[in-house]
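**Student:** Dropping the structure in here first, questions after.
The values are calculated or read from the model by the stated rules, or taken from the named source; none is laboratory data. A quick note: this is a predicted structure, and the numbers were derived from the prediction, not measured. We place every Cβ from the backbone using ideal geometry, glycine too, and count neighbours over all the protein chains shown. Quick note on the areas: whole protein, heavy atoms, side chains included, nothing else; ligands and nucleic acids left out. Shrake-Rupley method; radii C 1.70, N 1.55, O 1.52, S 1.80 Å.
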Amino acid sequence: MAKAAALRKPKKKVNPLDKDGITYIDYKDTALLRKFISDRGKIRARRVTGVTSQQQRQIARAVKNAREMALLPYTATTR
Amino acid sequence: MRHYEIMVILDPSLEERTVAPSLDTYLNVIRTAGGSVEKTDVWGRRRLAYEINKKAEGIYAVVDLQATPAAVAELDRQLRLNESVLRTKVIRPEMR
């Protein structure tokens, strides 16, 4: 019984971008991009966010552009 | 002609009212080169995520325009020469 619980399938994630019908990730949309960075300012992994690899690349580029323009932090030391 | 989007961060000590007209004089570079300015959007004062040149705030402005690559490069060069421009970014939104 305990063995079966250890082998449980992870829950399938819903793609947050497809769900909202977002096709273009804008670096100016910080509210959207903040969903894809951790509270320390790091970009969240794809296995966490559940987006496609193409979307992950677009998100990464948008976050990096936003960081250059000081819209998002490079590091957040909230500790 | 290509579609460009230019974002500028300006010194927060400027008067916000003077931003749009002074930005417009820079945009004459585009117009004389045969391009067209589609939209200028001054966001106003906004907190920076980190300090730039010891400043914690900046005045953001976004310009949408159609122009040749050379005209945009010249505009970007002239903006960078101005000391009240903290940062610029030129983006082609279709390039993704």
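**Student:** Binning at 10 angstrom from zero up to the longest distance, how are the C-alpha pair distances of segment B:1-89 distributed in percent?
**Tutor:** Histogramming segment B:1-89 at 10 Å steps yields 17, 52, 25, 5 percent.
**Student:** Shifting gears a bit: Under the Karplus relation 6.51 cos²θ - 1.76 cosθ + 1.60, θ = phi - 60°, what is the ordered set of whole-Hz ³J(HN,Hα) values for segment B:52-61, x standing for Gly and Pro?
**Tutor:** Result, rounded to whole Hz: 10, 6, 6, 10, 8, 10, x, 9, 8, 9.
**Student:** Let me ask another. Please compute, for peptide A:65-72, the average count of beta-carbon atoms on other protein chains lying within 10 Å of each residue's beta-carbon.
**Tutor:** Mean inter-chain Cβ contacts per residue within 10 Å come to 6.
**Student:** Taking both sides together, what accessible area is buried at the A/B interface, probe 1.4 Å, expressed in Å² and rounded to the nearest 100?
**Tutor:** 1500
**Student:** Sticking with this structure for a sec: Give me the percent of accessible area attributable to carbon and sulfur for the protein assembly as shown, probe 1.4 angstrom.
**Tutor:** 50
**Student:** Report the residue, chosen from A:ALA60, A:ALA45, A:ALA31, that carries the largest GNM mean-square fluctuation when chain A is represented by alpha-carbon nodes joined by springs under 10 Å.
**Tutor:** In this elastic network of chain A, the residue with the biggest mean-square fluctuation among A:ALA60, A:ALA45, A:ALA31 is A:ALA31.
**Student:** Add -39500 (n - 2.57) for each DSSP H run of 4 or more in chain B, then divide by its residues: what number comes out at 222 nm, to the nearest 500 deg cm²/dmol?
**Tutor:** Helix-only estimate at 222 nm: -10000 deg cm²/dmol.
**Student:** Continuing with the same structure: Given a 1.4 Å probe and the protein chains all in place, what does the accessible area of B:GLU51 round to, in Å² to the nearest 10?
**Tutor:** 120
**Student:** Might you tell me the accessible area per residue for segment A:14-67, computed with a 1.4 Å probe and given in Å²?
**Tutor:** Per residue, segment A:14-67 has 57 Å² of solvent-accessible surface.
**Student:** While we're looking at this one, here's another question. How well do other chains shield peptide A:26-34, expressed as the mean number of their Cβ atoms within 10 Å of each residue Cβ?
**Tutor:** The shielding value for this peptide is 2.
**Student:** Under a no-solvent Debye model with one identical scatterer per Cα of segment A:14-67, what's log10 I(q)/I(0) at q = 0.12 Å⁻¹?
**Tutor:** Debye curve over Cα of segment A:14-67, log10 I(q)/I(0) at q = 0.12 Å⁻¹: -0.22.
**Student:** Along the Cα→Cβ direction, 7 angstrom out, place labels at A:LEU7 and B:LEU14. What is the inter-label distance in nm?
**Tutor:** The modelled label-to-label distance comes out at 6.5 nm.
**Student:** Roughly what angle does helix A:53-68 make with the longest principal axis of chain A, taking Cα atoms, 0 to 90 degrees, to the nearest 10?
**Tutor:** 40
**Student:** Roughly how far apart, in whole Å, are the Cα centres of segment A:20-41 and segment B:33-79?
**Tutor:** First find each Cα centre; the distance between them is then 21 Å.
**Student:** Moving on. If you project the alpha carbons of the protein assembly as shown onto the principal axes, what extent comes out on each, in Å, largest first?
**Tutor:** Taking max minus min along each principal axis of the Cα atoms, the protein assembly as shown gives 76, 39, 22 Å.
**Student:** Taking chain A as a Gaussian network, Cα atoms linked when under 10 Å apart, which of A:GLY21, A:GLY41, A:GLY50 shows the biggest mean-square fluctuation?
**Tutor:** Ranking A:GLY21, A:GLY41, A:GLY50 by mean-square fluctuation puts A:GLY21 first.
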